[in-house]
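Below: one structure, written as C-alpha coordinates.
The values are calculated or read from the model by the stated rules, or taken from the named source; none is laboratory data. Keep in mind that what you see is a predicted model, and the values were worked out from it rather than measured. Positions of Cβ are generated from backbone atoms using ideal geometry, with glycine treated the same way; all protein chains shown enter the neighbour counts. What goes into the accessible areas is simple: the full protein's heavy atoms, side chains included, and nothing from ligands, DNA or RNA. Shrake-Rupley method; radii C 1.70, N 1.55, O 1.52, S 1.80 Å.
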Amino acid sequence: DGGPGLVCVCVCVWGGGAVQRHRGTTKRGIDMHVLFVGMVTTAPFQWFGAAPTREPLALHRRGWDACAICGGAERLGAVVPIQDLRELDAEGVAAILDAVRAHGVVVVKGQNLTRTQQVALTDALGETLVLPKSFEGQDPEPYHPAIQRVTNFWANGTWKGSTTKFGAYWHQDGQFWQAPHHHILSILHAQAMPPAGGETGFADLRAARATLSAPLLERAANASIRASVRDIADFAKGDEADLRAFPDANHPLLDTHVLDNGPLLYVGSPHMEVVGLETPEAGQALLTMLLAHATSPAFTYFHSWDVGDMLIWDNTQTLHHSFPYNNNGSARRELYRTQARLRLPESLAKEEL
(Lines give C-alpha, C1' and ligand atoms only; values in the text may rest on other atoms or scores of the structure.)
Protein backbone atom coordinates (compact mmCIF):
# COMPACT_ATOMS: atom_id res chain seq x y z
CA ASP A 1 0.00 0.00 0.00
CA GLY A 2 1.82 3.15 -1.17
CA GLY A 3 -0.72 5.67 0.10
CA PRO A 4 -3.26 7.67 -1.92
CA GLY A 5 -2.13 8.36 -5.44
CA LEU A 6 1.27 6.73 -5.00
CA VAL A 7 2.76 4.35 -7.52
CA CYS A 8 4.57 1.32 -6.16
CA VAL A 9 7.50 0.94 -8.54
CA CYS A 10 10.89 -0.68 -8.20
CA VAL A 11 14.26 0.99 -8.52
CA CYS A 12 16.86 -1.76 -8.54
CA VAL A 13 19.58 -2.64 -11.01
CA TRP A 14 18.92 -2.49 -14.69
CA GLY A 15 21.05 -2.24 -17.77
CA GLY A 16 21.61 -2.99 -21.39
CA GLY A 17 18.60 -1.24 -22.91
CA ALA A 18 18.16 2.40 -23.80
CA VAL A 19 14.69 2.56 -22.29
CA GLN A 20 13.33 1.02 -19.11
CA ARG A 21 9.71 1.39 -18.06
CA HIS A 22 8.29 0.82 -14.59
CA ARG A 23 4.57 0.41 -14.15
CA GLY A 24 2.20 0.38 -11.21
CA THR A 25 -1.34 1.19 -10.18
CA THR A 26 -2.44 3.86 -7.75
CA LYS A 27 -4.81 3.28 -4.89
CA ARG A 28 -7.52 4.82 -7.06
CA GLY A 29 -6.77 2.31 -9.81
CA ILE A 30 -5.10 4.84 -12.14
CA ASP A 31 -2.53 3.19 -14.42
CA MET A 32 0.77 5.06 -14.12
CA HIS A 33 4.14 4.78 -15.86
CA VAL A 34 7.58 6.13 -15.05
CA LEU A 35 9.88 6.21 -18.06
CA PHE A 36 13.67 6.14 -17.98
CA VAL A 37 15.41 7.15 -21.19
CA GLY A 38 19.00 6.22 -21.99
CA MET A 39 19.81 4.98 -18.51
CA VAL A 40 22.27 2.16 -17.89
CA THR A 41 23.06 1.35 -14.26
CA THR A 42 25.62 -1.24 -13.23
CA ALA A 43 25.94 -0.66 -9.48
CA PRO A 44 23.50 -1.41 -6.65
CA PHE A 45 21.33 1.46 -5.46
CA GLN A 46 22.97 3.24 -2.51
CA TRP A 47 21.14 4.94 0.36
CA PHE A 48 24.28 6.31 2.08
CA GLY A 49 22.86 5.95 5.58
CA ALA A 50 19.28 6.98 4.82
CA ALA A 51 16.62 4.50 5.86
CA PRO A 52 14.78 3.42 2.68
CA THR A 53 11.15 4.31 2.00
CA ARG A 54 8.54 1.67 2.72
CA GLU A 55 7.69 1.48 -0.99
CA PRO A 56 10.50 1.96 -3.55
CA LEU A 57 10.26 4.93 -5.90
CA ALA A 58 11.56 5.47 -9.42
CA LEU A 59 14.18 8.11 -10.16
CA HIS A 60 13.61 11.02 -12.54
CA ARG A 61 16.33 10.74 -15.19
CA ARG A 62 16.55 12.05 -18.77
CA GLY A 63 19.43 9.84 -19.88
CA TRP A 64 22.96 10.84 -20.81
CA ASP A 65 22.09 11.79 -24.39
CA ALA A 66 19.27 14.12 -23.38
CA CYS A 67 20.90 16.41 -20.80
CA ALA A 68 23.20 19.37 -21.35
CA ILE A 69 24.53 18.90 -17.82
CA CYS A 70 24.31 15.47 -16.22
CA GLY A 71 24.97 14.12 -12.75
CA GLY A 72 25.49 10.66 -11.38
CA ALA A 73 23.69 10.84 -8.02
CA GLU A 74 22.28 7.48 -6.96
CA ARG A 75 19.28 8.44 -4.81
CA LEU A 76 18.38 12.10 -5.50
CA GLY A 77 15.35 13.03 -7.58
CA ALA A 78 12.75 10.36 -6.85
CA VAL A 79 9.36 10.62 -8.57
CA VAL A 80 6.39 10.63 -6.21
CA PRO A 81 3.57 10.12 -8.73
CA ILE A 82 0.68 11.78 -6.95
CA GLN A 83 -2.07 12.73 -9.35
CA ASP A 84 -3.18 15.95 -7.65
CA LEU A 85 -1.45 17.57 -4.68
CA ARG A 86 -4.59 19.62 -4.00
CA GLU A 87 -6.30 16.40 -2.84
CA LEU A 88 -3.49 15.26 -0.55
CA ASP A 89 -4.59 13.61 2.70
CA ALA A 90 -2.61 12.84 5.86
CA GLU A 91 -1.35 9.54 4.48
CA GLY A 92 -0.12 11.26 1.33
CA VAL A 93 1.65 13.95 3.37
CA ALA A 94 3.41 11.26 5.39
CA ALA A 95 4.48 9.49 2.19
CA ILE A 96 5.96 12.70 0.73
CA LEU A 97 7.83 13.52 3.93
CA ASP A 98 9.28 10.02 4.09
CA ALA A 99 10.30 10.14 0.43
CA VAL A 100 12.05 13.48 0.95
CA ARG A 101 13.87 12.13 3.99
CA ALA A 102 15.05 9.05 2.09
CA HIS A 103 15.83 10.63 -1.30
CA GLY A 104 16.73 14.21 -0.37
CA VAL A 105 14.91 15.59 -3.42
CA VAL A 106 11.59 14.45 -4.89
CA VAL A 107 9.54 15.61 -7.87
CA VAL A 108 5.79 15.52 -8.37
CA LYS A 109 4.91 15.98 -12.05
CA GLY A 110 1.95 17.64 -13.74
CA GLN A 111 0.71 19.97 -10.99
CA ASN A 112 -0.96 23.38 -11.34
CA LEU A 113 -1.35 24.93 -7.91
CA THR A 114 -2.38 28.50 -7.23
CA ARG A 115 -0.28 30.48 -4.76
CA THR A 116 -2.93 29.88 -2.07
CA GLN A 117 -2.90 26.14 -2.77
CA GLN A 118 0.91 26.00 -2.61
CA VAL A 119 0.89 27.69 0.78
CA ALA A 120 -1.74 25.19 1.95
CA LEU A 121 0.49 22.33 0.78
CA THR A 122 3.42 23.90 2.64
CA ASP A 123 1.31 24.19 5.79
CA ALA A 124 0.56 20.46 5.52
CA LEU A 125 4.25 19.55 5.21
CA GLY A 126 5.47 21.61 8.16
CA GLU A 127 5.56 25.08 9.68
CA THR A 128 5.39 27.59 6.82
CA LEU A 129 8.18 30.17 6.99
CA VAL A 130 7.94 33.82 6.07
CA LEU A 131 11.28 35.57 5.54
CA PRO A 132 11.70 39.35 5.41
CA LYS A 133 10.90 40.67 1.94
CA SER A 134 14.35 42.29 1.80
CA PHE A 135 15.76 38.72 1.80
CA GLU A 136 13.56 37.76 -1.13
CA GLY A 137 14.90 40.03 -3.86
CA GLN A 138 12.48 42.86 -2.99
CA ASP A 139 9.92 41.18 -5.26
CA PRO A 140 7.12 39.96 -2.98
CA GLU A 141 4.22 37.97 -4.35
CA PRO A 142 1.13 40.14 -3.79
CA TYR A 143 -0.99 38.92 -0.87
CA HIS A 144 1.29 35.93 -0.20
CA PRO A 145 4.25 36.79 2.07
CA ALA A 146 5.27 33.11 2.30
CA ILE A 147 5.86 32.94 -1.47
CA GLN A 148 9.20 33.80 -3.02
CA ARG A 149 9.08 34.66 -6.71
CA VAL A 150 11.98 32.90 -8.48
CA THR A 151 11.54 34.56 -11.85
CA ASN A 152 13.10 36.92 -14.38
CA PHE A 153 10.00 39.16 -14.43
CA TRP A 154 8.75 41.44 -11.68
CA ALA A 155 5.30 40.95 -10.22
CA ASN A 156 4.10 43.93 -12.33
CA GLY A 157 5.08 42.07 -15.52
CA THR A 158 8.25 43.94 -16.45
CA TRP A 159 11.52 42.15 -17.24
CA LYS A 160 14.17 42.23 -14.49
CA GLY A 161 17.04 42.29 -16.98
CA SER A 162 19.66 39.89 -18.29
CA THR A 163 21.82 39.90 -15.14
CA THR A 164 19.02 38.69 -12.85
CA LYS A 165 19.94 35.54 -10.96
CA PHE A 166 19.18 34.01 -7.58
CA GLY A 167 20.85 31.08 -5.87
CA ALA A 168 23.49 30.70 -8.59
CA TYR A 169 25.98 28.97 -6.27
CA TRP A 170 25.97 25.77 -4.23
CA HIS A 171 24.17 26.33 -0.95
CA GLN A 172 21.69 25.06 1.62
CA ASP A 173 18.59 27.05 2.53
CA GLY A 174 18.13 27.79 6.20
CA GLN A 175 21.72 27.41 7.38
CA PHE A 176 21.35 30.74 9.21
CA TRP A 177 18.80 29.17 11.58
CA GLN A 178 20.20 27.64 14.76
CA ALA A 179 19.41 23.99 15.49
CA PRO A 180 16.77 22.60 15.61
CA HIS A 181 15.15 25.34 13.53
CA HIS A 182 17.35 24.70 10.47
CA HIS A 183 15.46 21.56 9.38
CA ILE A 184 13.91 23.25 6.36
CA LEU A 185 12.11 21.82 3.35
CA SER A 186 11.98 23.91 0.17
CA ILE A 187 8.99 23.59 -2.17
CA LEU A 188 9.47 24.98 -5.70
CA HIS A 189 6.71 24.98 -8.35
CA ALA A 190 7.31 25.68 -12.06
CA GLN A 191 4.67 27.70 -13.92
CA ALA A 192 6.68 28.87 -16.95
CA MET A 193 10.07 27.78 -18.27
CA PRO A 194 12.44 28.86 -21.07
CA PRO A 195 12.90 26.44 -23.97
CA ALA A 196 16.35 25.36 -22.76
CA GLY A 197 18.65 25.69 -19.74
CA GLY A 198 17.65 26.90 -16.30
CA GLU A 199 18.24 23.57 -14.55
CA THR A 200 18.45 23.31 -10.77
CA GLY A 201 21.33 21.21 -9.51
CA PHE A 202 21.40 19.21 -6.29
CA ALA A 203 24.28 17.57 -4.42
CA ASP A 204 23.97 14.66 -1.99
CA LEU A 205 25.49 15.48 1.41
CA ARG A 206 24.81 12.00 2.77
CA ALA A 207 26.81 10.46 -0.09
CA ALA A 208 29.55 13.03 0.35
CA ARG A 209 29.92 12.15 4.03
CA ALA A 210 29.84 8.40 3.38
CA THR A 211 32.71 8.63 0.88
CA LEU A 212 34.87 11.23 2.62
CA SER A 213 38.47 10.13 3.13
CA ALA A 214 39.77 9.36 6.62
CA PRO A 215 42.09 12.43 6.75
CA LEU A 216 39.26 14.79 5.79
CA LEU A 217 36.89 13.13 8.24
CA GLU A 218 39.42 13.60 11.00
CA ARG A 219 39.93 17.25 10.12
CA ALA A 220 36.24 18.03 9.70
CA ALA A 221 35.44 16.43 13.06
CA ASN A 222 37.08 19.41 14.78
CA ALA A 223 35.26 22.11 12.84
CA SER A 224 31.89 23.85 12.54
CA ILE A 225 30.41 26.41 10.20
CA ARG A 226 29.27 29.77 11.52
CA ALA A 227 26.46 31.09 9.35
CA SER A 228 25.59 34.77 9.25
CA VAL A 229 22.82 36.27 7.13
CA ARG A 230 25.29 39.09 6.39
CA ASP A 231 27.55 36.63 4.54
CA ILE A 232 24.84 35.12 2.31
CA ALA A 233 25.10 36.49 -1.22
CA ASP A 234 21.34 36.47 -1.90
CA PHE A 235 20.72 38.54 1.24
CA ALA A 236 23.27 41.22 0.31
CA LYS A 237 20.56 43.86 -0.09
CA GLY A 238 18.78 42.95 3.13
CA ASP A 239 17.55 45.79 5.30
CA GLU A 240 19.65 46.39 8.40
CA ALA A 241 16.72 45.81 10.74
CA ASP A 242 16.01 42.45 9.06
CA LEU A 243 19.66 41.40 9.24
CA ARG A 244 19.88 42.23 12.96
CA ALA A 245 16.92 39.95 13.68
CA PHE A 246 19.00 36.83 12.83
CA PRO A 247 21.92 36.02 15.16
CA ASP A 248 24.76 33.86 13.86
CA ALA A 249 24.15 30.11 13.83
CA ASN A 250 26.68 27.31 14.34
CA HIS A 251 26.50 23.79 12.88
CA PRO A 252 29.06 20.94 13.02
CA LEU A 253 30.48 19.98 9.64
CA LEU A 254 29.88 16.33 10.51
CA ASP A 255 26.27 15.88 11.52
CA THR A 256 23.46 13.30 11.43
CA HIS A 257 19.95 13.52 10.07
CA VAL A 258 17.42 14.29 12.76
CA LEU A 259 14.86 11.72 11.55
CA ASP A 260 16.98 8.60 10.88
CA ASN A 261 20.38 9.45 12.41
CA GLY A 262 22.13 8.94 9.06
CA PRO A 263 25.53 10.69 8.81
CA LEU A 264 25.85 13.77 6.58
CA LEU A 265 28.01 16.78 5.81
CA TYR A 266 26.65 20.20 6.69
CA VAL A 267 28.58 22.84 4.74
CA GLY A 268 26.09 25.70 4.23
CA SER A 269 27.66 27.56 1.31
CA PRO A 270 31.06 28.94 0.23
CA HIS A 271 30.32 32.09 2.26
CA MET A 272 30.42 30.37 5.65
CA GLU A 273 33.09 30.94 8.28
CA VAL A 274 34.66 27.71 9.52
CA VAL A 275 35.70 27.67 13.16
CA GLY A 276 37.65 25.12 15.18
CA LEU A 277 40.82 24.93 13.09
CA GLU A 278 44.15 26.72 13.40
CA THR A 279 43.21 29.82 11.40
CA PRO A 280 40.26 31.19 9.43
CA GLU A 281 42.25 30.48 6.27
CA ALA A 282 42.63 26.83 7.25
CA GLY A 283 38.89 26.64 7.81
CA GLN A 284 38.14 28.14 4.42
CA ALA A 285 40.53 25.72 2.75
CA LEU A 286 38.74 22.78 4.37
CA LEU A 287 35.33 24.13 3.34
CA THR A 288 36.54 24.51 -0.25
CA MET A 289 37.72 20.89 -0.31
CA LEU A 290 34.46 19.60 1.17
CA LEU A 291 32.37 21.56 -1.32
CA ALA A 292 34.44 20.27 -4.23
CA HIS A 293 33.96 16.72 -2.97
CA ALA A 294 30.22 17.08 -2.33
CA THR A 295 29.49 18.63 -5.74
CA SER A 296 31.46 16.14 -7.81
CA PRO A 297 29.58 14.36 -10.65
CA ALA A 298 29.08 11.19 -8.58
CA PHE A 299 26.84 13.02 -6.10
CA THR A 300 24.90 15.51 -8.25
CA TYR A 301 21.48 15.53 -9.90
CA PHE A 302 20.40 18.28 -12.30
CA HIS A 303 16.65 18.77 -12.65
CA SER A 304 15.46 19.87 -16.08
CA TRP A 305 12.15 21.56 -15.46
CA ASP A 306 8.79 20.92 -17.05
CA VAL A 307 5.90 23.28 -16.43
CA GLY A 308 3.88 21.75 -13.61
CA ASP A 309 6.83 20.23 -11.77
CA MET A 310 6.78 20.51 -7.99
CA LEU A 311 10.16 19.87 -6.37
CA ILE A 312 10.47 19.30 -2.64
CA TRP A 313 13.89 18.94 -1.01
CA ASP A 314 15.47 18.58 2.40
CA ASN A 315 18.08 21.28 2.94
CA THR A 316 19.93 19.49 5.72
CA GLN A 317 21.06 16.72 3.35
CA THR A 318 21.36 18.52 0.00
CA LEU A 319 23.00 21.51 -1.63
CA HIS A 320 21.31 23.19 -4.58
CA HIS A 321 22.35 25.59 -7.34
CA SER A 322 20.44 27.41 -10.10
CA PHE A 323 21.98 27.23 -13.57
CA PRO A 324 21.86 29.76 -16.42
CA TYR A 325 19.60 30.06 -19.43
CA ASN A 326 19.18 32.56 -22.26
CA ASN A 327 17.55 35.36 -20.27
CA ASN A 328 16.94 37.95 -23.01
CA GLY A 329 13.41 38.85 -21.95
CA SER A 330 11.71 36.76 -24.60
CA ALA A 331 10.83 33.85 -22.29
CA ARG A 332 9.73 33.60 -18.70
CA ARG A 333 11.33 31.41 -16.07
CA GLU A 334 8.64 31.52 -13.43
CA LEU A 335 8.81 29.44 -10.28
CA TYR A 336 7.32 29.93 -6.84
CA ARG A 337 9.09 28.84 -3.67
CA THR A 338 7.81 28.23 -0.20
CA GLN A 339 9.61 26.76 2.81
CA ALA A 340 8.42 24.52 5.63
CA ARG A 341 10.19 23.79 8.88
CA LEU A 342 9.85 20.13 9.85
CA ARG A 343 7.56 19.47 12.76
CA LEU A 344 9.81 17.38 14.97
CA PRO A 345 8.69 15.24 17.88
CA GLU A 346 9.40 17.14 21.08
CA SER A 347 12.00 14.57 22.16
CA LEU A 348 14.03 15.08 18.95
CA ALA A 349 13.79 18.86 19.10
CA LYS A 350 15.12 18.87 22.67
CA GLU A 351 18.06 16.62 21.70
CA GLU A 352 19.27 19.24 19.22
CA LEU A 353 19.12 22.22 21.57
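What does the charge count near His189 come to, summing +1 for each Lys or Arg and -1 for each Asp or Glu among other residues with Cβ under 10 Å from its Cβ?
Details: positive: Arg115, Arg337; negative: Asp309, Glu334.
Around His189, the surrounding residues sum to 0.
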By its C-alpha gyration tensor, with a ≥ b ≥ c as the square roots of the eigenvalues, how is segment 203-315 shaped: rounded for a/c under 1.5, else prolate for a/b larger than b/c, else oblate? oblate
What's the center-to-center distance, using Cα atoms, between segment 312-330 and segment 123-170 in Å? 13
Give the peptides 300-313, 66-79 in descending order of average Cβ contacts within 10 Å, highest first. 300-313, 66-79
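Any idea of the accessible area per residue across segment 62-348, 1.4 Å probe, to the nearest Å²? Let's see the in-between values first.
Working: 11390 Å² over 287 residues.
For segment 62-348, the per-residue accessible area is 40 Å².
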Once Lys and Arg are counted +1 and Asp and Glu -1 for all other residues with Cβ under 14 Å from that of Gly308, the total becomes -2
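For the ranges 195-201, 335-341, what's the packing order if you count other beta-carbon atoms within 10 Å of each residue, average per peptide, and put the highest first?
335-341, 195-201
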Ranked highest first by the average count of other Cβ atoms within 10 Å around their residues, in what order do 124-135, 265-276 fall? 265-276, 124-135
Let me make sure I get this right: for segment 62-348, a, b and c are the square roots of the gyration tensor eigenvalues over alpha carbons, sorted descending. Under 1.5 in a/c it's rounded, otherwise prolate if a/b > b/c, else oblate. Which is it? rounded
Positive minus negative residues near Leu59 (Lys, Arg vs Asp, Glu; Cβ under 9 Å): +1
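If I take every Cα pair under 8 Å that is 6 or more residues apart in segment 62-348, average their sequence separation and divide by the length, what percent do I get for the relative contact order?
Details: 570 pairs, mean separation 103.6, N = 287.
Contact order relative to length: 36 percent.
How large is the dipole of segment 62-348 about the Cα centre if only Lys and Arg carry +1 and Asp and Glu carry -1, each at its Cβ, rounded to the nearest 20 debye? Display every interim value, and only then the final one.
Numbers: 22 positive and 32 negative charges, 104 e Å.
Using only the charged Cβ atoms, the result is roughly 500 debye.
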Full extension from Thr163 to Asn112: what is 0.36 nm times the residue separation minus their Cα-Cα distance, to one decimal in nm? 15.5 nm
Specify whether the C-alpha gyration tensor of segment 152-197 places it in the rounded, prolate or oblate class, a ≥ b ≥ c being the square roots of the eigenvalues: rounded for a/c under 1.5, otherwise prolate if a/b is larger than b/c and oblate if not. prolate
